[in-house]
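Have a look at the structure below, then the notes.
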Amino acid sequence: MSASALAFDKVGSTPTENLHFHHFDPPDLQHNEVLIEMIAAPVNPQDIMVLLGRYPVSPSFKIYEESIPGYDGVARVASVHPSVLTNGTLKPGDLVIPTRHGVGTWRTHAVLPANLLLKISPEVDCRIAAVLRMGVTPAYLLLEDMAVLRPGDWIIQNAASGVIAQFVTQFAQIRGLHTISVVRDREDIEQLRAELQSRGADIVITQSELEAKGAASFEKEGKRIMLALDAVFGHSGSALATQLSPDATYINYGSLGDPQGTVGIQITQQQLFWKQITFKNFRLTQCLGMRSQAQINDMMTWFGELAVKGFLQIPRVETVQWSESVIDLIRLQSEDILRGSKFTSKIMASWDNREVTNRHLLPYVDAESAPPEVAAALNTLPFQRNIFKLLANAQVNFPPFMKLLATCWNPDLSLRSSEYQVTVLRTASLLDAPYEWDVNEPVARVLGFDTDEKLHLIRIGDLSNTQFFTPRHRLISQMVFQLVHDNVVSEATMRQAIELLGNAATMEVMMIHGVYSMLARIMNSVRIDFDPPIPGLEDKLRKYNAVAIQKEKEAAAQD
Amino acid sequence: MPQLPTLRASNRSIAALPRALAPRHGPLTCRRFKSGPYGYTQAKALVYSKYGEPADVLSLHTHSISPSLPSNSLLLRALATPINPADINQIQGVYPAKPPFTSLLGTSEPSAVGGNEGCFEVASVGASVKSVSKGDWIIMKHTGFGTWRTHTLAEESDVLKVNKEGLTPIQVGTVSVNPCTAYRMLKDFEDIREGQWFIQNGANSGVGRAAIQLGKQWGLKSINIIRDRPDPAATEAMKKELLELGATKVVTESELMDKGFADQVKEWTNGGREKVKIGLNCVGGKPTSALVKCLSPSGHLVTYGGMSKQPLQLPTAALIFKDLKFSGFWVSRWSDANPDEKRRMVYEILEMTRLGMFKDVPVQQLTWDWSTEESVLKDAVQGTLGGFRAGKGVFVYGDT
């Protein structure tokens, strides 16, 4: 068994400087112990604080004398010691989450005492399960423990694209509360606004829009702003406080925007004395400490039920595959977090599990036994892919579809190859199709998106970096978002597209999106299995796409 | 020149009139104003019709009160009513509680009467009044009544009867704002126990002195911050006075701002083992930030005023790593929401006063007689604002 883990030997001045990737063999099971395989583990801002030695709880587990970070995640039970079976708590196949802080989830396998694991419903989506402890729980407790809130009250929160804030919005809805979500200024604000509103935010406003509105502006509109949730501190936190109504509560639960504590937040006499606003801090460990382990477990179980019933939506997260290179991604992520410039993304240690499985619901059609036309279509590409084998079940549609598909990468398109890739990868991301992403990521790499950072940004939909992405890329990304989110591209965006891309490319974006969204829906529905690695894939792709690569290079040189 | 004698005669009669009337009508004129014809009570009140500096906006208004009282009403005569800083802020329009301007007193513009607490004597009662009778002392249940007045009508439900046995009007008249504020702030925000500490600025204020004494009764230790006096001897005298009152430690603002002060606090608190759980703040700005640094983890800063009007800058460390809490308190709001607890608390503090466990706050008495001029009263109010004063201003009513 090849197990691996991230671990750090000492607290660093940057989160990743002492973080190492280790291979190890899980120890044999002792009395009451369980072997788990991690499915997904998030990189939370709290984890970054642990690496910097600024979180109150230290990791409890070590490997090669180094501490294993990661306090949240979801795993499947692989095997259990016979003693565990007799007391009936856990059995192989159960979906589990940690019951304590400090369990150390940034690893593929762990041997843990059974009481550190809580079984949750197997129906809970892994992306919610992975953040139950550090994302969902704080969101719930912020509304439950910190202030008395009544239906119709309003909450104002910053870092609103962060995972905790996303769940705050959802719990607020359950409790009849309204939310004002403050996000930092950004280019793709309309896209984010639409997305957060679709997840239940009543008002989405940027930092500068908020500041322009002036103090107590929402209160003047008759809203009772009874709770401010500040994850940023500094100016952003102070701006939230100015909007609070009398008797409201300001809660800080993070200082991402002011990690050195240099700015602080400003409290006026008016806020403290006239309005009697209370200012205090939220500590997850403290709130959990007021509950028994049984109460905590019941709470988590209930969150799982809410997720299964659809009351909690899958958070807006970005997922990456577990490998040695996640250290670089964690570094990028933590830089964003520490700069206070991004709270949106979380890296999961896997986009579900990339393990090659055998759980497809329709047969894979084999070229050798298929009718000649189907067999020819299956050989369109110089390598085998499970997706084509599935599509081939529709014998009549499949051959002409493959021809249509091949037009998507035809070098004669108006759309440039990199633009075609943005269309495909954004479609895969928004429709949650890791398989589609995996198939196309190598293509994107040979077509110019050649670093993890660029791909990371495409994955999370942040194309604001002008060195990596063109205005056309950004516009295409917006079109895809609107198509997935609203089923229609807005008229304004369409007019912009016709202007910037031209008639042909505008239509090409929508057709390619149509083709790849169909593929994404098919592969997810049929429960496609990941392809085994294809030897020499990159060379094959370079050869196959030689013309496109050349054209893209020329076009890039002209930019 | 036939007119001349007439003129002279007229002159003579005018000059003669005051002399002729003086012995009989002089005092009579006053008496008539005070009790009025047909038993009307003549009352005076310091009123304001718009917000501003007290010297600019206050005026002395005279009105009369009918002898036929509504059945549930009382006629009250003021005995002692203090001038609190919050009263001034209220007149300036910079205090959260704003009394309504009304035309009830017959002022040309709708107006409010200044002052928020005081001790009154019941002069007469309406037919259905049961709980108080003539000669009783009362205080107002709620702030915002307007107490800088010689006489007033009040409803039975507005007043709280006080057992005057062993008490002075000033003791009774100053109980509901400052001591009650100190009491609530020490009781309601944190579970502070015997042997634990609180720290406060404005320690020489009415609230500060009350907190020192209540703290002493309850076994709490206190760090008390006073402003540096220009004369070091005066500073020392002030320290001595507060220590005698029950303060554990008294330091000046400049000592507080000194770099080594945190270590000093650590030494006093047995290496930090005795918690400094509550900070009482009426200042704001940098000195308050310095005070915040002395609070133990999970401590609570309670703000009840802000003389310096400076905002408070909260460092990340204070909120996040020390888990401090910050709240505001104004007693009038609390009193309105908790009438029963307020009554119980007032009686408790007055009982402590009777037993000599709660010393009088130093006062500057201002006698308010019928003949006291408007300017004298206004100066008294305005004077409350500036510099170092020997004591709280209190109107003590004489011959009204």
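The values are calculated or read from the model by the stated rules, or taken from the named source; none is laboratory data. Predicted model only: the values in this text are computed from it and were never measured. Positions of Cβ are backbone-derived with ideal geometry, glycine not excepted, and every protein chain shown enters the neighbour counts. These area figures cover heavy atoms from the full protein model, side chains too; ligands, DNA and RNA do not enter into them. Shrake-Rupley method; radii C 1.70, N 1.55, O 1.52, S 1.80 Å.
Before moving on, here are some points about what is shown:
- On Cα atoms only, tilt of A:417-430 relative to the major axis of chain A in degrees: 50 degrees
- Taking all protein chains together and a 1.4 Å probe, the residues A:Glu436, A:Glu187, A:Glu538 rank A:Glu187, A:Glu538, A:Glu436 from largest to smallest accessible area.
- Once the C-beta distance of A:Gln467 and A:Glu211 is scaled by a Förster radius of 30 Å, the resulting FRET efficiency is 0.55 to the nearest 0.05.
- Largest to smallest principal axis extent of the C-alpha atoms in the stretch B:321-400, angstrom: 56, 34, 26
- Take A:507-517, A:422-432 and order them by the average number of nearby Cβ atoms within 10 Å per residue, most first; the result is A:422-432, A:507-517.
- Formal net charge of residues neighbouring A:Asp94 (Cβ-Cβ distance under 9 Å; K, R +1; D, E -1): +3
- Loop-located GluC sites (Glu not before Pro) in the stretch B:194-245, at most 12 other Cβ atoms within 10 Å (DSSP): B:Glu194
- Point-to-point label distance, B:Gln310-B:Ser68, nm (Cα→Cβ direction, 7 Å offset): 6.1 nm
- Each label was represented as a point 7 Å from its Cα along the Cα-to-Cβ direction; for A:Phe21 and A:Glu305 these points are 4.2 nm apart.
- Mean partner shielding of peptide A:244-251, defined as the number of other chain Cβ atoms within 10 Å of each residue Cβ, is 1.
- Mean Cβ count within 10 Å, highest first, over the residues of peptides A:290-300, B:153-163, B:40-50: B:40-50, B:153-163, A:290-300
- Exposure ranking of A:Lys540, A:Lys309 by accessible area [1.4 Å probe, largest first]: A:Lys309, A:Lys540
- B:Tyr183 sits with roughly 10 Å² accessible to a 1.4 Å probe, with DNA, RNA and ligands left out of the calculation.
- Spatial separation of Cα centroids for the stretch A:111-163 and the stretch B:111-167, in angstrom: 55 Å
- Centroid-to-centroid separation of the stretch A:35-82 and the stretch A:264-334 [C-alpha atoms, Å]: 17 Å
- 1.4 Å probe accessible area per residue over chain A, in Å²: 41 Å²
- Global form of the protein assembly as shown, assessed from the alpha-carbon gyration tensor, a/c cut-off 1.5: prolate
- Counting, for every residue in B:296-303, the Cβ atoms of other protein chains within 10 Å of its Cβ and taking the mean gives 2.
- Take each residue in A:279-289, count the other chain C-beta atoms within 10 Å of its C-beta, and the mean is 3.
- Rolling a 1.4 Å probe across the protein heavy atoms gives the stretch B:178-333 an accessible surface of 39 Å² per residue.
- Axis of helix A:434-446 versus longest Cα principal axis of chain A: the two differ by about 70°, to the nearest ten degrees.
- D (Stokes-Einstein, µm²/s), Kirkwood Cα radius, the stretch A:88-148, 0.692 mPa s at 37 °C: 250 µm²/s
- Spatial separation of Cα centroids for the stretch A:212-241 and the stretch B:324-383, in angstrom: 35 Å
- Hydrodynamic estimate: the Kirkwood radius of chain B over Cα pairs, inserted into Stokes-Einstein at 4 °C and 1.567 mPa s, corresponds to D of 56 µm²/s.
- Prolate is the label for the stretch A:89-199. Its Cα gyration tensor axes, ordered a ≥ b ≥ c, give a/c of at least 1.5 and a/b above b/c.
- Estimated buried accessible area (total), pair A and B, 1.4 Å, Å² to nearest 100: 2400 Å²
- Cα gyration tensor shape for the stretch A:140-274, rounded if a/c is under 1.5, else prolate or oblate: rounded
- Protein accessible area in the protein assembly as shown, 1.4 Å probe - carbon and sulfur %: 53 percent
- Kirkwood Rh and Cα Rg combined as Rg over Rh, evaluated for chain A: 0.98
- Formal net charge of residues neighbouring B:Pro70 (Cβ-Cβ distance under 11 Å; K, R +1; D, E -1): -2
- Computed over protein heavy atoms with a 1.4 angstrom probe, the accessible surface ordering of A:His485, A:His81, largest first, is A:His485, A:His81.
- Two-site FRET efficiency, B:Ala127 against B:Leu355, from Cβ-Cβ distance with R₀ of 41 Å, rounded to 0.05: 0.60
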